[in-house]
Amino acid sequence: MSGFAPVHAELPGWRHVYSGKVRDLYEPEDGSDDVVLVVASDRISAYDHVLTTEIPDKGRVLTQLSLWWFERLTGIPNHVVAADAAGGVPAAVEGRAMICRKLIMYPIECIARGYLTGSGLLEYRASRTVCSLPLPEGLVDGSRLDPALFTPSAKAEVGEHDENISYDAVVVTVGDDAAAQLRALTLDIYTRAEAIARERGIVLADTKVEFGLDPATGRITLGDEVLTPDSSRFWDAALYAPGQAQPSFDKQFVRDWLTSDASGWDRHSEPPALPDDVVERTRARYIEAYERLTGRTFA
């Protein structure tokens, strides 16, 4: 169990077993071990720190957007069993929680990149590669990669950086068949989601997904969250301009404030509390991503 405080220490019928950077996990008190309750908190992390300030409604956005995407990724098994009170989700966390099948998770962060930015850009500038995949000369921040690349990373402990790895390293870790399936599923999810987002005026630059093996079916199954501002880079298509950093629908306001002189943060200590305007602008950005993608009003 981590040191993060769960959204609710006690939920009827469930026992808290773990808290990550954002999500709290609960197991059934009746002893059944095939499902887990996943509750998305309003915690926010930046630069490998979980901040003391929360972003109101962030967990609800992550959960509702993930559910919306799960419905559209037809043909790809996912871990969702129920997401409302009728299905057994406790009323206190309805809207931000899902009852999910318990999976044997692969220790791989499966990342698809359709645009060059972030850690991929840093590697490209140093070696003209991303995860050991060679790329042509002349690419800049925000250049489109066609076709999209599968650029996995090894999962790190909380507070540590994930490490980009080659496809060969994935094969060594999970085997040939599983590695091939993870790559194909990841690129399928990205390709389908990129087209949906583009129709709504949003560029899906890259996304991270996680998979596990479902013991009941033996199938590789999509778990965790999917295609949220926490797991993906979404850019406004109207503002997209290669050759510069793109404004994104995520916690960029938080990162920018933490690294500004106004925060006084030295990066060696715990980050300070966020000011109200940064909290509100970040909350609005998450909600805007949800509303633009889904076409629904967030409530």
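Rule-based calculations on the coordinates, nothing more; no lab input. All of these numbers come straight from a predicted model, not from anything done at the bench. Note: ideal-geometry Cβ built from the backbone for every residue, glycine included; neighbour counts use all protein chains shown.
Nearest 0.05, what FRET efficiency do LEU122 and ARG200 give at R0 = 25 Å with Cβ-Cβ as r?
E(calc), rounded to 0.05, equals 0.30.
Order these by the 10 Å Cβ neighbour count, fewest first: GLU71, GLU137.
GLU137, GLU71
What list of ³J(HN,Hα) values in whole Hz, one per residue of the stretch 62-76 in order, does the Karplus curve 6.51 cos²θ - 1.76 cosθ + 1.60 (θ = phi - 60°) give from phi, with Gly and Pro shown as x?
4, 5, 5, 5, 4, 4, 4, 5, 3, 5, 8, 8, 4, x, 10
According to a simple spin-label model (label point 7 Å from Cα along Cα-to-Cβ), what is the distance in nm between ALA216 and ALA5?
3.5
Sorted from fewest to most neighbouring beta carbons within 10 Å, what does the list HIS16, HIS79, HIS268 look like?
With the fewest neighbours first, HIS16, HIS79, HIS268 line up as HIS268, HIS16, HIS79.
Return the single residue from THR207, THR117, THR259 with maximal mean-square fluctuation; model: Gaussian network over the chain, springs between Cα atoms under 10 Å.
THR259
Determine the relative contact order of the stretch 194-299: mean sequence separation of Cα pairs under 8 Å and six or more apart, normalised by residue count, in whole percent.
It rounds to 21 percent for the stretch 194-299.
Compute the distance in nm between two label points, each set 7 Å from the Cα along the Cα-to-Cβ direction, one at VAL172 and one at ALA245.
3.4
Between ALA238 and ALA284, with labels modelled 7 Å along Cα→Cβ, what's the label distance in nm to one decimal, could you check?
Reported label-point gap for ALA238 and ALA284 is 1.5 nm.
Arrange the following residues from fewest to most other Cβ atoms within 10 Å of their Cβ: SER143, SER32, SER41, SER19.
Sorted ascending by nearby Cβ count, the order is SER32, SER143, SER19, SER41.
Between ALA85 and ASP146, what length in nm is gained on full extension when 0.36 nm per residue of separation is reduced by their alpha carbon distance?
17.7 nm
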